[in-house]
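First the structure, in the form of structure tokens, and then the observations on it.
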Amino acid sequence: MLRSRCVISWFVLVTKPFNLRVTCGGDACGDTVELSVNHRSGQYNDYALIAMYEIQVLSVTCIDTSGEGYAEGDSYIDDNNARCVCGPEGSFVCLCEGGQVSCPAGQQKWTDQATCISSCVPETGICSSSGDPHYRTFDGKYFDFHGSCTYQAASCDDFTVFFKHVDLLGRAPRYTGRAEVHFNGKTFSIANNFVAEVDGAAVQLPYVKTYTNGDVIKIQNNGQLEIVLYQGSKGRIPALRVRATHMGRYINADLLLHGSCAAVTEGLCGNFNGDPGDDLVGGGPNSAGNHYQEYDENCPAPPAPFHPCDDVDDGHRLAAEICDDLK
């Protein structure tokens, strides 16, 4: 059932402020609803206060297996000891809470939703690309890299983050112009000049996409553009934040990654294993950049190698028939 919300406001003179909470039949929304009356007051004259009342009609959003209704954000514990939270799409997202785990400083509890086993993982990792550009990996290694293509910055299971470099001077140094998150077959990107796109098309902010398993990806403007991925299905809330600080013709990019991705992630931001000495594939920025380079409009894929059958009409089919005869 989709959520209904009605707001009614009016003014009335009262001698003192008060709050009222009642339950009644909500004909406006067609459900039995709870009415919350919130009082706000200010000086009206020497003898009375003026009050505005706002009534919010909250209809039931989710129905559990026993028929009980829940509003968005409410939860219960199911028979498998998982906490099921009512989501905005009218369905429950159930997450294992796992057992009690005591984690040392610098680590946090994480429950693997596939096994319902809890463990300690590192606190959120932070990687950055700033200026022209200066990288700092999750493990704290600093380096400069002036490639002019798009490069994988990090990854974890089913999502990947890319930083696109731009050539502003026709030579080194280069700068970061765009950050991309590839998830569930879509590309979510933020760039300089506060440009936000999904699959190359501009979107109005805030942008929110909710998946049937409860995962949510958002693009928002909090003074800086930000992509946030919430993976409740994997117990990562959030799994990822990518921020783009507008610097004029380029951005400073920050990438915050959930600790359960430690030692799994790959990219220019390193492997997040606590050792900065092994962050760069091949031992240096250029070798790592070549390894994680992606083809884009500035760095197109090379042409396919020449094949002799290409110069013969129907050459590939004829070659296949000859090979079949020789088998």
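The values are calculated or read from the model by the stated rules, or taken from the named source; none is laboratory data. This one's a predicted model, so the numbers in the text were calculated from it and none came from an experiment. Here the Cβ positions follow ideal geometry from the backbone for every residue, glycine too, while neighbour counts run over all protein chains shown. Areas reflect the complete protein model, heavy atoms only, side chains present, ligands, DNA and RNA absent. Shrake-Rupley method; radii C 1.70, N 1.55, O 1.52, S 1.80 Å.
Figures for the structure shown
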| item | result |
| --- | --- |
| Positions within the stretch 247-290 being touching a residue at least 12 places away in the same chain (Cβ under 8 Å), among the small types (Gly, Ala, Ser), assigned to a helix (DSSP H, G or I) and within 14 Å of TYR151 (Cβ to Cβ), in sequence order | ALA288, GLY289 |
| Residue among THR160, THR115, THR187 that alone is assigned to a loop (DSSP other than H, G, I, E, B), open to solvent by 20 Å² or more (accessible area, probe 1.4 Å), out of contact with any helix residue (DSSP H, G or I) (no Cβ under 8 Å at 6 or more places or on another chain) and within 26 Å of VAL216 (Cα to Cα) | THR115 |
| Residue pairs meeting the criteria (Cβ under 9 Å; at least 6 apart or on separate chains; first at positive phi and polar (S, T, N, Q), in the stretch 173-193; second assigned to a loop (DSSP other than H, G, I, E, B) and open to solvent by 20 Å² or more (accessible area, probe 1.4 Å)) | ASN184/ASP158; ASN184/TYR211; ASN193/GLY248; ASN193/ARG249 |
| Hey, SER102 touching a strand residue (DSSP E or B) at 6+ places or on another chain (Cβ under 7 Å) and of a type in the set (Ser, Thr, Tyr) or not | no |
| The stretch 130-154 - residue that is assigned to a strand (DSSP E or B), of a type in the set (Ser, Thr, Tyr) and out of contact with any His (no Cβ under 9 Å at 6 or more places or on another chain) and, of those, least open to solvent (accessible area, probe 1.4 Å) | TYR135 |
| The stretch 215-238, residues that are touching a Ser or Thr at 6+ places or on another chain (Cβ under 6 Å) and of a type in the set (Gly, Ala, Ser) | GLY235 |
| Selection from the stretch 236-253 of residues that are of a type outside the set (A, V, I, L, M), open to solvent by 20 Å² or more (accessible area, probe 1.4 Å) and either farther than 20 Å from LEU205 by Cα or more than 15 Å from the chain's Cα centre (by Cα) (or both) | THR245, HIS246, GLY248, ARG249, TYR250, ASN252 |
| Some residue of the stretch 254-262 being in contact with a Gly (Cβ under 6 Å, 6 or more places away or on another chain), open to solvent by less than 60 Å² (accessible area, probe 1.4 Å), closer than 14 Å to THR124 by Cβ and not basic (Lys, Arg) | yes |
| In the stretch 97-112, residue modelled with the highest pLDDT [restricted to those that are in a strand (DSSP E or B) and of a type in the set (D, E, K, R)] | LYS109 |
